[in-house]
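Novice: A single structure is presented below for examination.
Taken together, the values in this text are just the output of simple stated rules run on the coordinates, not laboratory data. Only a predicted model underlies this, so the values are computations on that prediction, with no experimental measurement involved. Methodologically, a virtual Cβ is constructed for each residue, glycine included, from the backbone with ideal geometry; neighbour enumeration extends over all protein chains shown.
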């Protein structure tokens, strides 16, 4: 902490703008190399509990249609299959970004991260299209308990993907400006966990909400 | 962090191939209309493949191993899994019984009348 306050004015004289890139002192990550990664992993586990509760809510309320539409009336499974593959492709391209990062290729990392972002945006676009369509035909969260929990669960997942996409853009800028520094590598590794975790949650969403939903 | 922690081209490839297969089978089952008259089995298969794909993602994409982070990663995952089982099974169990007992009176009376 004392280092950070000592560095503050020094940094300010080096560059007049604040560029949101916190440089850690070399001493710290010799001893706590994996501290941030484990901390981020624990955050993901708490996020997993949040989704678990939303799944429990959907399990309890998912069949209370209140004389409104049921999953079989609403869901287009072909569209969900395309969404699923958008996320799956983005997972494998993020893997390629990690491999390019290991090989120290800045351009390769950026290119694969950008491809991942495009697939992520494709997924978000399909989600927004689906939600807009549902809203338009009157299947709003207010229509039934089933639709309330559906919008809450799938919406929360969508918001996570949107947050991941924003984080991805920020990291692309950081890598462009500062290169593949130790800090940026760790940040890319954290987003990798986040991104793959969201794909994992989506597996539960399409299995439980969509595929099981249309069968019941 | 070792290279092992980030995975290799081969491990990502295996994970991706398994995921594609494990995604296509349950979707094919629902889209193709197979097992339409046996919904219980269809749902069991969907859950089985979903669970398998989650395992694949945890191992090949999230790179969780028993040794990573001195075991804390696998330990926290197992603990989270335990909490999820309690939350999900507990909620479904309790709410199912609550719904049974909150049944509209006429249905309850019918059921009592049909008791042996």
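Novice: Please list, by residue number, everything in segment A:103-117 whose backbone N is under 18 Å from a paramagnetic label point 7 Å out along Cα→Cβ of residue A:169.
Specialist: Residues passing the 18 Å test: A:110-117.
Novice: Sticking with this structure for a sec: Give me the inter-chain shielding for A:41-52: mean count of other chain Cβ atoms within 10 Å, whole number please.
Specialist: The mean count of partner-chain Cβ atoms within 10 Å per residue comes to 4.
Novice: Here is a follow-up. For residue B:115 and residue B:99 in one chain, what is 0.36 nm times their gap in residues minus the Cα-Cα distance, to one decimal in nm?
Specialist: 3.8 nm
Novice: Another question about this same structure. Tell me the Rg and the Dmax, in Å, that the Cα atoms of the protein assembly as shown produce.
Specialist: When restricted to Cα atoms, the protein assembly as shown yields Rg and Dmax of 23.1, 89 Å.
Novice: Sorting check: for B:63-70, A:96-103, which peptide has the highest mean count of neighbouring beta carbons within 10 Å, and how do the rest follow?
Specialist: My ranking of the peptides, most packed first, is A:96-103, B:63-70.
Novice: Right, next: Mean separation of Cα pairs under 8 Å and 6+ residues apart, divided by the residue count of chain B: what relative contact order is that in percent?
Specialist: 24
Novice: So, one more: Working from Cα positions, state the angle (0 to 90°, nearest 10) between the long axis of helix B:9-32 and the longest principal axis of chain B.
Specialist: Result, in degrees: 20.
Novice: Viscosity 1.002 mPa s, temperature 20 °C: what is the translational diffusion coefficient of segment B:67-116 from Stokes-Einstein with a Kirkwood Rh over Cα pairs, rounded to a whole number of µm²/s?
Specialist: 152
Novice: Further question on the same structure: Mind checking the mean number of beta-carbon atoms from other chains within 10 Å of the Cβ atoms in A:196-206?
Specialist: Neighbouring Cβ atoms belonging to other protein chains average 5 per residue here.
Novice: Give me the base-10 log of I(q)/I(0) for segment A:33-215 at each q in 0.12, 0.16 Å⁻¹, Debye formula, one uniform scatterer per Cα, rounded to two decimals.
Specialist: For the requested q values the scattering log ratios are -0.61, -0.95.
Novice: Please say if chain B is rounded, prolate or oblate, where rounded means a/c under 1.5 for a ≥ b ≥ c the square roots of the C-alpha gyration tensor eigenvalues, and otherwise the choice is prolate for a/b larger than b/c and oblate otherwise?
Specialist: Verdict is oblate for chain B.
Novice: Follow-up question, since we're still on this one. What's the center-to-center distance, using Cα atoms, between segment A:94-140 and segment A:152-176 in Å?
Specialist: 9
Novice: Say each of residue A:72 and residue A:53 gets a label point 7 Å from the Cα, pointing the same way as Cα to Cβ; how far apart are those two points in nm?
Specialist: If labels sit at residue A:72 and residue A:53, their model points lie 3.4 nm apart.
Novice: How do A:186, B:111 rank when sorted from fewest to most other Cβ atoms within 10 Å of their own Cβ?
Specialist: Exposure proxy ranking, most exposed first: B:111, A:186.
Novice: Measure nothing fancy, just the Cα-based angle from helix B:39-56's long axis to the longest principal axis of chain B, in degrees from 0 to 90, nearest 10.
Specialist: Helix B:39-56 sits at roughly 30 degrees to that axis.
Novice: Can I ask one more? Can you pull the mean other chain C-beta count within 10 Å for peptide B:7-15?
Specialist: For peptide B:7-15, the averaged partner shielding equals 3.
Novice: Follow-up question, since we're still on this one. Any idea how far apart residue A:64 and residue A:36 come out in nm if each label point goes 7 Å out from Cα toward Cβ?
Specialist: Distance between label points: 4.4 nm.
Novice: For residue B:88 and residue B:17, compute 0.36 nm times the residue count separating them, minus their Cα-Cα distance, and round to one decimal in nm.
Specialist: 22.6 nm
Novice: Moving to a separate point now. Run the simple label-point estimate for residue A:121 and residue B:107 please: 7 Å along Cα→C-beta, distance reported in nm.
Specialist: With each label placed 7 Å out from Cα toward Cβ, I get 4.9 nm.
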